[in-house]
Structures are given as C-alpha cells and as structure tokens.
1. Filter the range 52-72 down to residues that are surrounded by fewer than 11 Cβ atoms within 10 Å (Cβ to Cβ), more than 19 Å from SER24 (Cα to Cα) and of a type in the set (D, E, K, R), then give me how many there are.
2. For the subset of the range 8-27 comprising residues that are of a type in the set (Gly, Ala, Ser) and surrounded by fewer than 17 Cβ atoms within 10 Å (Cβ to Cβ), which member is modelled with the lowest pLDDT?
3. What pairs come out if I take residues in the range 42-58 that are free of Cβ contacts under 8 Å to residues at least 24 places away in the same chain and pair them with residues that are open to solvent by less than 70 Å² (accessible area, probe 1.4 Å) and in a helix (DSSP H, G or I) whose C-beta lies under 6 Å away, six or more apart or interchain?
4. Examine the range 30-51 for a residue that is at pLDDT 95 or above, outside any helix (DSSP H, G or I) and either of a type in the set (Val, Ile, Thr) or open to solvent by 100 Å² or more (accessible area, probe 1.4 Å) (or both), and state whether such a residue exists.
Amino acid sequence: MTEDVLKTSLLDRHMKEVFDWSDSNVPVRDAIWNYFMEKNGKNTLKTEEDMLPFLKDSDDKIEAFVNENLKK
C-alpha cells in the first residue's frame with residue numbers, strides 16, 4: 001500500500017510545485033485529466049482509460065508528458 005502512495009505522489013502535488021512554468025494550484029492528476037477530457041470531447045470513459053497508464057508511469061515520464069502537452 002505504501003508503495004502505491006509513493007508511486008503516485010507526483011500526481012497529487014500541485015502543478016506549481018512540480019513545474020516552474022506553472023502557477024496553478026491544480027494537482028498534476030487533475031491537470032492531466034482535464035487535458036484528456038478536452039481531447040476526448042468530455043468522454044469520461046475514454047479519459048479514464050487514457051489516465052490509467054499514469055498510475056504506473058515513472059515521475060520522469062509524467063513530467064515529460066506534462067511538459068510536452070500542457071506547457072503553454
């Protein structure tokens with residue numbers, strides 16, 4: 001159980017805590033969710049499917065995805 005908490009801790013941090021280019025208080029998890037909701041035309045089931053890999057991805061992969069797709 002502790003392993004799961006540590007593995008997803010980046011997802012629970014605020015965007016501005018992780019990314020120096022962000023001033024958002026939204027958790028990383030929510031920012032990624034919002035990105036996929038927009039991309040999927042508000043399709044919750046598709047967005048949930050797209051989010052699942054992030055629960056297993058390394059922090060480096062998550063940070064790379066966010067920098068590539070959410071940085072404005």
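The values are calculated or read from the model by the stated rules, or taken from the named source; none is laboratory data. Being a predicted model, the structure only gives us computed values, none of them experimental. No Cβ is skipped: glycine too gets one built from the backbone with ideal geometry, and neighbour counts run over all protein chains shown. What goes into the accessible areas is simple: the full protein's heavy atoms, side chains included, and nothing from ligands, DNA or RNA. Shrake-Rupley method; radii C 1.70, N 1.55, O 1.52, S 1.80 Å.
1. Taking the range 52-72 first, the residues surrounded by fewer than 11 Cβ atoms within 10 Å (Cβ to Cβ) are 52, 56, 58, 60, 68, 71-72.
Add one more test, that the residue is more than 19 Å from SER24 (Cα to Cα), and what stays is 52, 56, 58, 60.
From what's left, of a type in the set (D, E, K, R): 56, 60.
Qualifying residue count, the range 52-72: 2.
2. SER9
3. THR47/PHE36; THR47/MET37; ASP50/PHE36
4. Yes, the range 30-51 has at least one match.
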